[in-house]
Amino acid sequence: EDQVTQSPEALRLQEGESSSLNCSYTVSGLRGLFWYRQDPGKGPEFLFTLYSAGEEKEKERLKATLTKKESFLHITAPKPEDSATYLCAVQKKSSGDKLTFGTGTRLAVRP
Amino acid sequence: NAGVTQTPKFQVLKTGQSMTLQCAQDMNHNSMYWYRQDPGMGLRLIYYSASEGTTDKGEVPNGYNVSRLNKREFSLRLESAAPSQTSVYFCASSLWAGVPYEQYFGPGTRLTVT
């Protein structure tokens, strides 16, 4: 059965304290792995798509990486405005364009 | 471009009442989706439509029906609401050109069934 597990469930950081969020997946035939950001009371906002092991993508203070079993979202020198829930999702080659989501990591960055 | 819009933003229903959640996108996307989000459960797919005129069940379809009215609009209907359907509902759309393409989400509808 396909599984997407995110850890930790919640993370509190001091402003400027870098850290990483993890997304482990068990999927046969990965087509792509997606990262989203979700602010309270809003819909998820797309951040990155990763297609193959070894790929990396960056956007401001965020960098996403992918291996054959997991993906990391590295946050460098976070700011309070980075506080949000970060979701990862996988898309299988056999499932068309459907996504399977993890339960997310709630990130709080204190000033 | 408004992206993906949903109405209403909030709704309170009594058990047994019916309602339709509306979703529209202006990005000329082919695929549209309905998800529900519950604490600790993540986003779960209710129904999706890969193209105009087609709909398919997702992970949790029981108690729901959908209509892909045209390429822009995809509605979700609760025929007889139950307290277990209290949730936040998100509509999403994607281009789906045969390669991985991100889904764009609407702002959500917060539904409470009493």
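Descriptive notes on the structure:
- Filtered by the rule that a residue be more than 10 Å from every other protein chain (Cβ to nearest Cβ), among the hydrophobic types (A, V, I, L, M, F, W, C) and more than 13 Å from the chain's Cα centre (by Cα), region A:73-105 gives a lone residue, A:Ala77.
- Region A:1-12 - residue that is modelled with pLDDT under 95 and not in a strand (DSSP E or B) and, of those, surrounded by the most Cβ atoms within 10 Å (Cβ to Cβ): A:Asp2
- From B:Asp56, B:Asp26, residue being surrounded by fewer than 17 Cβ atoms within 10 Å (Cβ to Cβ) and either within 14 Å of another protein chain (Cβ to nearest Cβ) or of a type in the set (Lys, Arg) (or both): B:Asp56
- Among residues that are assigned to a loop (DSSP other than H, G, I, E, B) and either more than 10 Å from every other protein chain (Cβ to nearest Cβ) or modelled with pLDDT of 95 or more (or both), B:Pro61 is included.
- Just one of (1) within 12 Å of the chain's Cα centre (by Cα); (2) within 11 Å of chain A (Cβ to nearest Cβ); (3) buried (at least 16 other Cβ atoms within 10 Å of the Cβ) fails for B:Ser94. It is (1).
- Leading residue by the ranking (surrounded by the most Cβ atoms within 10 Å (Cβ to Cβ)) among those in region A:33-68 that are hydroxyl-bearing (Ser, Thr, Tyr) and at the interface with another protein chain (Cβ under 9 Å from one of its Cβ atoms): A:Tyr36
- Filtering region A:13-50 to residues that are touching a Ser or Thr at 6+ places or on another chain (Cβ under 7 Å), modelled with pLDDT under 95 and not in a strand (DSSP E or B) leaves only A:Gly29.
The values are calculated or read from the model by the stated rules, or taken from the named source; none is laboratory data. The shown structure was predicted, so the numbers you read here are calculated from the model rather than taken from an experiment. As a convention, Cβ positions derive from the backbone with ideal geometry for all residues, glycine included, and neighbour counts pool all protein chains shown.
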